[in-house]
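Peer 1: Here it is, the structure, as structure tokens.
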């Protein structure tokens, strides 16, 4: 795993943690993608836990969780971490994709492009039309943080 330092990524993460930036403006999809591309490595792991199940998040996914109000997304992912189909996979690829009818599809792959589960989400205001979450050995990690 490669670790690095990117001041702009840490700045954005720092802003969301301490609520320095209280603006209500939502970022565009393009802005979010640019910010996410700046995350390399992580300075700390952030715990996301529900019902006794937990997942560690890197700074990048903690930023997504807070900035995009996506706690629900990580709740959904964590809720499947006790199912046999999911837990037998050291590497998981979670994909969230907006469908043509406005619903969302959350799917999990085993790392070899084999879909092991799908969940339909009726509504979300998530700002990215497509989003991927990598989980490696219980840690949600952005591709650039790997």
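The values are calculated or read from the model by the stated rules, or taken from the named source; none is laboratory data. Small disclaimer: the values here were computed from a predicted structure and weren't measured. Quick reminder, even Gly has a Cβ in these numbers, built from the backbone with ideal geometry, and neighbours come from all protein chains shown.
Peer 1: Could you tell me which residue of the stretch 82-115 is nearest to the chain's Cα centre (by Cα), considering only residues that are in contact (Cβ under 8 Å) with a residue 40 or more places away in the chain and buried (at least 16 other Cβ atoms within 10 Å of the Cβ)? Break it down stepwise before answering.
Peer 2: Taking the stretch 82-115 and keeping what is in contact (Cβ under 8 Å) with a residue 40 or more places away in the chain, we get 90-94.
Narrowing the set further to residues that are buried (at least 16 other Cβ atoms within 10 Å of the Cβ) leaves 92-94.
Values: 92: 12, 93: 11, 94: 9 Å.
Ranking the qualifying residues of the stretch 82-115, first place goes to 94.
Peer 1: Restricting attention to the stretch 118-146, which residues are free of Cβ contacts under 8 Å to residues at least 24 places away in the same chain and either surrounded by 11 or more Cβ atoms within 10 Å (Cβ to Cβ) or not in a loop (DSSP other than H, G, I, E, B) (or both)?
Peer 2: Hits for the stretch 118-146 are 118, 120, 143.
Peer 1: Just to be sure before I move on: is residue 50 closer than 22 Å to residue 120 by Cβ and at pLDDT 95 or above in the structure I sent? Quick ask: steps written out before the conclusion?
Peer 2: Values: closer than 22 Å to residue 120 by Cβ: yes; at pLDDT 95 or above: no.
No; evaluated as a whole, the condition is false for this residue.
Peer 1: Would you confirm whether or not the stretch 74-88 contains a residue that is part of a strand (DSSP E or B), touching a strand residue (DSSP E or B) at 6+ places or on another chain (Cβ under 8 Å) and within 21 Å of residue 39 (Cβ to Cβ)? Break it down stepwise before answering.
Peer 2: Of all residues in the stretch 74-88, those part of a strand (DSSP E or B) come to none.
No, the stretch 74-88 contains no residue that is part of a strand (DSSP E or B), touching a strand residue (DSSP E or B) at 6+ places or on another chain (Cβ under 8 Å) and within 21 Å of residue 39 (Cβ to Cβ).
Peer 1: Regarding residue 12, is this residue buried (at least 19 other Cβ atoms within 10 Å of the Cβ), within 17 Å of residue 144 (Cα to Cα) and modelled with pLDDT under 95? Quick ask: steps written out before the conclusion?
Peer 2: Numbers: buried (at least 19 other Cβ atoms within 10 Å of the Cβ): yes; within 17 Å of residue 144 (Cα to Cα): yes; modelled with pLDDT under 95: yes.
The answer is yes for residue 12.
Conditions tested, residue by residue: (1) part of a helix (DSSP H, G or I); (2) touching a helix residue (DSSP H, G or I) at 6+ places or on another chain (Cβ under 7 Å); (3) modelled with pLDDT of 95 or more.
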site	(1), (2), (3)
93	no, no, yes
100	no, no, yes
105	no, no, yes
112	no, no, no
116	no, yes, yes
